[in-house]
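Reviewing the structure listed below.
The values are calculated or read from the model by the stated rules, or taken from the named source; none is laboratory data. If you're wondering where the values come from, they're calculated on a predicted model, not measured in any experiment. When we count neighbours, we look across all protein chains shown, and the Cβ atoms used for this are built from the backbone with ideal geometry, even at glycine. Protein only, heavy atoms only, side chains kept; ligands, DNA and RNA dropped before computing areas. Shrake-Rupley method; radii C 1.70, N 1.55, O 1.52, S 1.80 Å.
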Amino acid sequence: MTAGESSGSVVRRILLGSQLRRLREARGITREAAGYSIRASESKISRLELGRVSFKARDVEDLLTLYGVADEAERTALLSLVKEANVAGWWHSYSDVLPGWFQTYIGLEGAASLIRGYEAQFVHGLLQTEAYAHAVVRHGMKGAAAEDIDRRVALRLERQKLLVAERAPDIHIVLDEAALRRVQGGRDVMRGQLEHLIEVAQLPHLTLQIMPFSHGWHSGESGTFTVLTFPESDLSDVVFLEQLTSALYLDKREDVAQYERAMAQLQEECPSPEESIDLLRRVLTEFA
């Protein structure tokens, strides 16, 4: 199975969940009543509608009946999503070191056609060198076994195959200058990381900008965030906000719109990609 196929399963799960939510709301049925119909809790219905858990064909059939979906073609189309939505992603083999709340993000990242992000403290995960990633993971997993740290780094490097995939997404990353100057792993590691950023910035589908200290206050004051856009017209953009022990996935139009405005403003406020590369080269000389 390709990474695109397994990532697509996450999208199918979210699409199916959102359609079930629309059908339930159109009939005026509460989550509690829907849960009762499939011998589950209200919270289980919430997780299904958000695409956070796998689906059982029997549960979907019962919900469609409850929601008054009698058209055989419509039922067949929705039920066909169940099998596709339950395909395990390539990252499943890393589940021993991968938080459950981050698995959804990896699937969405792999399925996105456009990835926009602002990073305040670290180099974005898709742009990290192995040495830099190892330093960051080791710091974040204090006391973890060396094998677990190595596996988490391997997972991060696997994600980076998106950069050279046949259907690579368009990627636009804004890094705060703090991410370049906050030393991770020592001067040699930082030198290699800066050289890598200058190199990958040449990729045709990657736009990299640096928000310099000299700009002062800017539109990223709320902190790090990522906006994911998908080729499927039925799937809204998703904002990913990582926290210490969990994450938020925002898909309400008004929430997403605010982050998209913030990203657009950051892109305008930053030096151009060419000027940003010049800034990277200047910072690199400080690690010579």
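Modelled label positions at R261 and R181, each set 7 Å beyond Cα in the direction of Cβ, lie 3.0 nm from each other.
Surface composition of the chain: carbon and sulfur atoms hold 50% of the protein heavy-atom accessible area at a 1.4 Å probe. Of all DSSP beta bridges confined to the chain, the antiparallel ones make up roughly 50%. For the chain, the longest principal axis of the Cα atoms and the long axis of helix 187-200 meet at an angle of about 60 degrees.
Modelled label positions at A73 and L50, each set 7 Å beyond Cα in the direction of Cβ, lie 3.5 nm from each other.
Heavy-atom accessible surface of segment 199-288, averaged per residue, reaches 57 Å², computed with a 1.4 Å probe.
Subtracting the Cα-Cα distance of L98 and A57 from 0.36 nm times their residue separation leaves 12.0 nm of extension gain.
If you take the Cα centroid of segment 71-87 and the Cα centroid of segment 104-165, the two points sit 33 Å apart. Highest-first packing order for the peptide set 253-262, 51-60 is 51-60, 253-262, based on the mean count of other beta carbon atoms within 10 Å.
Across the chain, how many lysine pairs, 8 or more positions apart or on different chains, have C-alpha atoms separated by under 29 Å? Please give the number.
For the chain, qualifying lysine pairs total 8.
A 1.4 Å probe run over the protein chains yields, for segment 1-142, 47 Å² of accessible area per residue, whole-number rounding.
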